[in-house]
Amino acid sequence: MTTAFRILFCFILCIGPVSYSGQNFDDIGKKNLLKISGGVDVSSVFYSANGSGRRQPFTYYFNGNVTGNILGISLPFTFNYTSNQVRYSQPANFQSFTPSYKWAKAYVGITALNFSQYTQASHPFTGIGVELTPGKFKVALLFGIFKKAREYDYELNSDTYMSYKRTGMGSYIGYEDKGHALKIIYFLAKDDPGSIHGRSSNISPMKNSVVSLVGKTTLLKKLTFDAEWAISTFVKNTLSDATNSGKLFMHAFKSSVSYRIKTVNLAINYERINPDYVTLGAYFINNDFENVTFSPSFTLLNGRLNISANAGMQHNNLDNQKLTTSNRFVGSFNASYTVNRKLSVNAGYSNFSCLTKQNLHNDPFYNSTLDTLHFFQLSQNGSFSALYNFGNKDVKQNVVLNGSYQVASQSHGLYSNFDVLNSQKKDDSKTQSINELLFYNISHSVSKTSLGIGINANSLMYSNTQTLYYGPNINLSRAILNNKLKLTLSGTYNQSLANTSKMSEIIRGRFALTYSPKLKSEKAGRFNLNLSADYLIRFNTSGKTKLFNEFTCNIGAAYGF
């Protein structure tokens, strides 16, 4: 081992937080193999307030970072110093190393690969992986540790973080050509029963294997079929005998059919995941549900009008083993229309409802005509926005209008199978929210000056209470010295009412100044100075709140290279 190699090896070990991403050995032999970037910035904050403040009266910060890049291997180092602490950031030594050459790519360290949502779904692991894409074929392999062993916490008398060492391996092979594709996936994960010494009735070593078949085909360049079928074998406790191990065979299936002709696209999606479906290649996966959705979209008027919708039904309790069954309906609609070069509008609506039915316990001594308990939830959202641009080349103006409405309600009660959930029975609890914004902006291209004036209002209605929060705001900005110096002024006034009674009243003003001079060359880096000040007054409203004001000033400088 040469002296130079020893120095480089020691430097990599000392630098610590190696975040290797996308190393490409095709660059070997070319110039600029070593790149260094980074920056430093220093800032201080001055603060004062009458009464008890919300932060320290004076704080300062100094931050720096330097990153070396060799063949795509990133070697970062950061330094942070404040009036409270000093911290060097070198996280976790070796992280990941992903070299690539032509159609081959390797993953080494703490990394993740995605096979499919039912198998290995980007669950991170510590190990190795390979992806090969020669021509129309795709091949992937992985092996590593998915979970570290952690013993029982005797100090806290808890098994919350207790776990067995879990290793996993997986592979897939696929082929894709001209809209046709086929992929076969295999994934296996297993806990090591001997990796921990303690025992807990809540924690047991598990084993899981998943096989999945993924396919896609396109017919007549218009009709497309997609599907995935996965079979998962899961053992809850490998320490138990075969009859008591809780071995489960579970299925998951999803498919979609879409048809596209010119400006119309129609799609039908179906998904079914059996109860207790598990893959140890994902942190969490929903199961025990079946849903069907229909998603049409249209592009009309030479692309100026776009309409899309989505509607579907979902239900759970597929094996009828649960006490409750939920039926959900979701529907959404979105439209955007460019009327002309000046005016464009957008609108959207969504409706989500859920009906949960719980079977009552049978009583042999009492026969009730009410045989089920229903719980109904409803959520509706509507939104609208419009943008109108006008003016000329030197003076540009626009007006923006945004509005949204949301209502949520729920009810519950006993109903017979023939009873209809009418509207009177759905108003047990109702919440409505309305948000509105109107803003006008004018900008002058020659003087680099812009002015914006707006007003916003938010209303919330629930039970017998209505809360209203509203107020105007203004923004002014000006750039001078060839855009090197930028000045910004802004002010807001907000008032809140509860059933017409004033609850709060706030005025806020802000001043900001940024100076970004251009250095002689880009290689010299980037430099900027900034100064900002913020002043807030909260008035005394009917004796309910005390008069409060605070001032915050920030001064900083930054240099990047």
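All of the numbers you see were taken from the coordinates with simple rules; none came from a lab. For clarity, every value in this text was computed on a predicted model and none was experimentally measured. As a convention, Cβ positions derive from the backbone with ideal geometry for all residues, glycine included, and neighbour counts pool all protein chains shown.
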State, to one decimal in nm, how far the label point of Q410 lies from the label point of S477, with both points 7 Å from Cα in the Cβ direction. 4.3 nm
Computed over segment 102-287: relative contact order in percent, which uses C-alpha pairs under 8 Å that are six or more apart: 16 percent
So how long is each side of segment 102-287 along the principal axes, counting just the alpha-carbon atoms, biggest first, in Å? 67, 40, 30
I need to check one value: relative contact order of segment 189-255, counting alpha carbon pairs closer than 8 Å and at least 6 residues apart, in percent. 30 percent
Pair T218, F46: separation of 7 Å Cα→Cβ label points (nm): 6.4 nm
Determine, for K448, K221, the number of other Cβ atoms within 10 Å of each Cβ, and report the residues in order from fewest to most. K221, K448
Once normalised by the length of segment 457-561, the mean sequence separation of its alpha carbon contacts under 8 Å that are 6 or more apart gives a contact order in percent of 19 percent
Distance violations [Cα-Cα > 20 Å] among K102/K221; K254/K322; K396/K448: K102/K221; K254/K322
Estimated inter-spin distance, Y175 and T356, nm [label 7 Å along Cα→Cβ]: 4.9 nm
Given Cβ point charges of +1 (Lys, Arg) and -1 (Asp, Glu) and nothing else, what value in debye, to the nearest 20, does the dipole of segment 102-287 about its Cα centre take? 920 debye
So the FRET efficiency between T59 and L182, C-beta based with R0 = 41 Å and rounded to 0.05, is 0.10
Could you work out the mean projected area of the convex hull around the alpha carbons of segment 457-561, in square nanometres to one decimal? 9.4 nm²
Using 1/(1 + (r/R0)^6) with R0 = 60 angstrom and r between the beta carbons of S344 and S158, what's the FRET efficiency to the nearest 0.05? 0.60
For each pair in K393/K484; K105/K138; K138/K222, compute the distance between the two Cα atoms and list the pairs where it is over 19 Å. K393/K484; K138/K222
Gain upon complete extension [S383, I453; 0.36 nm per residue less C-alpha separation]: 23.0 nm
Which order results if T98, T82, T218, T111 are arranged by neighbouring Cβ count within 10 Å, fewest first? T82, T218, T98, T111
Hey, got the dipole for segment 457-561? About the Cα centre, +1 on K and R Cβ, -1 on D and E Cβ, debye to the nearest 20? 400 debye
